[in-house]
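The values are calculated or read from the model by the stated rules, or taken from the named source; none is laboratory data. Keep in mind the model is a prediction, meaning the values are calculated, not measured. Ideal geometry is used to build each Cβ from the backbone, glycine not excepted, and the neighbour counts take in all protein chains shown.
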Amino acid sequence: MQDQHPWYKEWFNSPYYHQLYFKRDEKEAVAFIDKLIDYLKPSPHSLMLDVACGRGRHSIYLATKGFDVTGFDLSEGSIKEALKHEKENLHFYQHDMRLPFWINYFDYAFNFFTSFGYFNTRREHENSIRTISQALKMQGYFTLDYLNTPYAENHLVHQSEKEIYGTHYIITKWCDETHFFKKIIIEDEALKEPLEYTEKVTKFSLGDFTEMFASHDLQVKEVFGDYNLGTYDVKKSPRLIVIAKKK
């Protein structure tokens, strides 16, 4: 049964979410996409899908390279912002990744920045993988950019604080056997009282993804461990970047 009030629906619509995460790492995101495109070598005007695209920063950059890019996201607020950048080769839709999208249409699909693992059940995650696989043409490629669970467990900073444009963020992280949690308390002069959100992300391993992919006609072709596309090391790599091909 789907959660009627999922944490991500409200949090991802918040301007504080975008302030906390996306005012930084623009250079890193661009460098990562450049490396990825260099590796994948897509033909000009390839059709690309950005799953859980947020406000579309990755989609916008891919479109500047001449690809035909479609992004979708559950967050109404994010898509409203993304639509400001829409043009002939850049399209955005509000959509839930658990539900079917276009069928056999895209050459490439991407899911960046741990934009996965938020749902309550394995079935919901499986449905998301099915959506992505169905959206790809045969021989199409899917790239998943996820946290590397063992590394994240060993490098958990339990408490930290950040000040961004006068807004104070108090961040507490912890984990159990199946999930990572991050509680974010937001203090801002503009707020009557502090806001509080708790993120919850599933601990998926490479084996979990390999299994889910295989169930939906996706075969793992390559695994990288960081945004420089370095070799994946289960203990040392900060990221789990999986490239799969639709059979």
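Scanning for something surrounded by fewer than 17 Cβ atoms within 10 Å (Cβ to Cβ), closer than 20 Å to ILE129 by Cα and in contact with a Phe, Trp or Tyr (Cβ under 9 Å, 6 or more places away or on another chain), does the stretch 66-73 turn up at least one residue?
Scanning the stretch 66-73 turns up no residue that is surrounded by fewer than 17 Cβ atoms within 10 Å (Cβ to Cβ), closer than 20 Å to ILE129 by Cα and in contact with a Phe, Trp or Tyr (Cβ under 9 Å, 6 or more places away or on another chain).
Starting from residues that are of a type in the set (D, E, K, R) and surrounded by fewer than 20 Cβ atoms within 10 Å (Cβ to Cβ), keep the ones in the stretch 132-156 and report whichever is nearest to the chain's Cα centre (by Cα).
So, considering only residues that are of a type in the set (D, E, K, R) and surrounded by fewer than 20 Cβ atoms within 10 Å (Cβ to Cβ), the one nearest to the chain's Cα centre (by Cα) is GLU153.
Could you check, for the stretch 57-71, whether at least one of its residues is in a strand (DSSP E or B), among the polar types (S, T, N, Q), in contact with an Asp or Glu (Cβ under 9 Å, 6 or more places away or on another chain) and assigned by TED's automatic domain parsing to the domain that holds ASN120?
Yes, there is a match, as at least one residue in the stretch 57-71 is in a strand (DSSP E or B), among the polar types (S, T, N, Q), in contact with an Asp or Glu (Cβ under 9 Å, 6 or more places away or on another chain) and assigned by TED's automatic domain parsing to the domain that holds ASN120.
Each row is one residue, and each column tells you yes or no for (1) polar (S, T, N, Q); (2) modelled with pLDDT of 95 or more; (3) closer than 30 Å to TYR105 by Cβ.
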{"residue": "GLU193", "(1), (2), (3)": "no, yes, no"}
{"residue": "GLU196", "(1), (2), (3)": "no, yes, no"}
{"residue": "THR202", "(1), (2), (3)": "yes, yes, yes"}
{"residue": "GLY207", "(1), (2), (3)": "no, yes, yes"}
{"residue": "HIS216", "(1), (2), (3)": "no, yes, yes"}
{"residue": "GLY230", "(1), (2), (3)": "no, yes, no"}
{"residue": "SER237", "(1), (2), (3)": "yes, yes, no"}
{"residue": "ILE241", "(1), (2), (3)": "no, yes, yes"}
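Considering only residues that are touching a Ser or Thr at 6+ places or on another chain (Cβ under 6 Å) and not in a strand (DSSP E or B), which ones fall in the stretch 209-225?
Answer for the stretch 209-225, where residues must be touching a Ser or Thr at 6+ places or on another chain (Cβ under 6 Å) and not in a strand (DSSP E or B): HIS216, ASP217, GLY225.
Keeping to the stretch 220-247, report how many residues are of a type in the set (Asp, Glu) and under 13 Å from PHE209 (Cβ atoms).
1
Please work out which one of (1) buried (at least 18 other Cβ atoms within 10 Å of the Cβ); (2) touching a residue at least 40 places away in the same chain (Cβ under 8 Å); (3) out of contact with any strand residue (DSSP E or B) (no Cβ under 9 Å at 6 or more places or on another chain) is the condition ALA31 fails and give its number.
The one condition ALA31 does not meet is (1).
Let me spell it out: the conditions are (1) part of a loop (DSSP other than H, G, I, E, B); (2) within 23 Å of TYR118 (Cβ to Cβ), and ASN228 meets all of them except one. Which number is the exception?
Condition (2) is where ASN228 drops out.
Check GLU193, GLU177, GLU189, GLU199 and return the single one that is touching a residue at least 24 places away in the same chain (Cβ under 8 Å), out of contact with any helix residue (DSSP H, G or I) (no Cβ under 8 Å at 6 or more places or on another chain) and not hydroxyl-bearing (Ser, Thr, Tyr).
Matching residue, one of GLU193, GLU177, GLU189, GLU199: GLU177.
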